[in-house]
Amino acid sequence: MTFCLTACVDEEELPDTPTGNFEALWKIIDEHYCFLDYKQHEYGLDWNAVRSKYEARIDDNMTSMQLFEVLTQMLGELRDGHVNLTAAHDYGRYWAWQENYPKNFNDSLYRLYMGTDYKIAAGLSYRILDDNIGYIRYESFSDAFGEGNLDEVLTYLMPCQGLIIDIRNNGGGDLTNAEKLAARFCHQKTLVGYMQHKTGKGHSDFSQMEAHYLEPSSNIRWHKPVAVLTNRGVYSAANEFTMYMKELPLAKIVGDHTGGGAGMPFNSSLPNGWNVRFSAVPTYDAQRHSTEFGIEPDYQMELSEEDFRKGRDSIIEFARQLLTTN
């Protein structure tokens, strides 16, 4: 999982002891994490109760590895893939947003569809399938591409009657890449979401929602139907891209519910030097709903065992049918 924005939060100095580090971490989340109220509403998160639960496990004679385990488990209560604790010996993470669900992507099937003669433009792999449907595979929004790359890809695929953009397992990256790609399918200024900023230390201290618009690209744009393939591995900037595309008339989302990740992460440090990353800036879709826990597809599809035995990707095949009948 990657992210799109980082910054530092200055904290008051606390002693470099297990108790001091625990206190520092709990306070950072309490004052700066942006989804405490939302998650209390969604699944009953009580951050004060979390403190009591884990504080009882802190002992100033515990080892650093024991401390790391307790702090990581405490952060796991947030159920947020953007929340990580980094030390020299380990990387604390919460990946249940994808690990607890079907993958709905199979690399062997993907290779059957791509063959060996596909084209590569920066981070984009692409080809024309045998029913004249274009196919683009984009594995990470951390992989940069230029406007020239997109011009070449879309020019090559222009004879196709429809286009598939497969972002399954795309854990995110740079939001600039998400906007740059989505702009090629946008034909008028479109409201795609909202953003807020923390204005104080209270759980509900936020600025007014700021509207976010997607502007059409001034370069080559796609004017035919497009299907975006998603699964639970779609997170962060990839989740945002899905949110943008869902607002565009010619685009349909096909596959599984995305993983989410609607908070832009910031960084801070504990007294012992461990780094904590946490969601600090919440974003919302065009209907002002949080997508922290993901986005529903327009067409829910899963890989079937029967199709797998036949060497068919059920999600790709559904998208092809959708594009050829529209």
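How large a share of the accessible area of the chain, in percent, is made up of carbon and sulfur atoms when the probe is 1.4 Å and the other protein chains stay in place?
Values: 6670 of 14270 Å².
With neighbouring chains kept in place, the figure for the chain is 47 percent.
With a ≥ b ≥ c the root eigenvalues of the C-alpha gyration tensor of the range 92-190, is it rounded (a/c under 1.5), prolate (a/b larger than b/c) or oblate? Oblate shape, in that a/c is at least 1.5 and b/c is the bigger or equal ratio. Gaussian network model of the chain, Cα springs within a sub-10 Å range: biggest mean-square fluctuation belongs to which of 149, 106, 84? Comparing 149, 106, 84 in the GNM, the peak value goes to 106. For the listed residue pairs 27/189; 201/246; 39/103; 53/103; 39/246, the alpha carbons are over 31 angstrom apart in 27/189; 201/246; 53/103.
Averaging the sequence gap over all C-alpha pairs within less than 8 Å and six or more residues apart, then dividing by the number of residues, gives the range 51-109 a relative contact order of 22 percent. Among 77, 240, 13, the sequence by solvent-accessible area, most first, with a 1.4 Å probe is 13, 77, 240.
When both the range 94-169 and the range 42-68 are represented by their alpha-carbon centers, they are found 42 Å apart. Note: relative contact order over the range 161-261, using C-alpha pairs below 8 Å and six or more positions apart, is 38 percent.
Determine the order of 207, 236 by accessible area, beginning with the largest, at a probe radius of 1.4 Å.
From most exposed to least exposed: 207, 236.
In this view, the solvent-accessible surface of residue 140, computed with a 1.4 Å probe and all protein chains in place, comes to about 30 Å². Legend: residues 90, 313, sorted from most to least accessible area (1.4 Å probe; ligands, DNA and RNA excluded), read 90, 313. Taking a straight Cα-Cα cut-off under 22 Å and skipping sequence neighbours fewer than 8 places away in the same chain, the lysines within cross-link reach of residue 119 are 180, 224.
To check you understand DSSP bridge types, tell me what percent of the beta bridges within the chain (both residues inside) are antiparallel, rounded to 5.
Details: 29 of 48 bridges.
In the chain, approximately 60 percent of DSSP beta bridges are antiparallel ones.
Once the 1.4 Å probe is applied to the protein heavy atoms, the range 94-148 comes out at 50 Å² accessible per residue. Residue 301 exposes around 50 Å² of accessible area when a 1.4 Å probe is run over every protein chain in place.
The relative contact order of the chain comes to 22 percent, based on Cα pairs under 8 Å that sit 6 or more residues apart. For the chain, the convex hull spanned by the alpha carbon atoms encloses 144 Å³ per residue. Rounded to the nearest 20, the size of the Cβ-charge dipole of the chain about its Cα centre is 1060 debye, with Lys and Arg at +1 and Asp and Glu at -1. Once all protein chains are placed together, residue 110 keeps about 10 Å² accessible to a 1.4 angstrom probe.
The values are calculated or read from the model by the stated rules, or taken from the named source; none is laboratory data. Model, not experiment: these values are computed from the prediction. Neighbour counts are summed over all protein chains in view; Cβ atoms, including those assigned to glycine, are modelled from backbone coordinates with ideal geometry. What goes into the accessible areas is simple: the full protein's heavy atoms, side chains included, and nothing from ligands, DNA or RNA. Shrake-Rupley method; radii C 1.70, N 1.55, O 1.52, S 1.80 Å.
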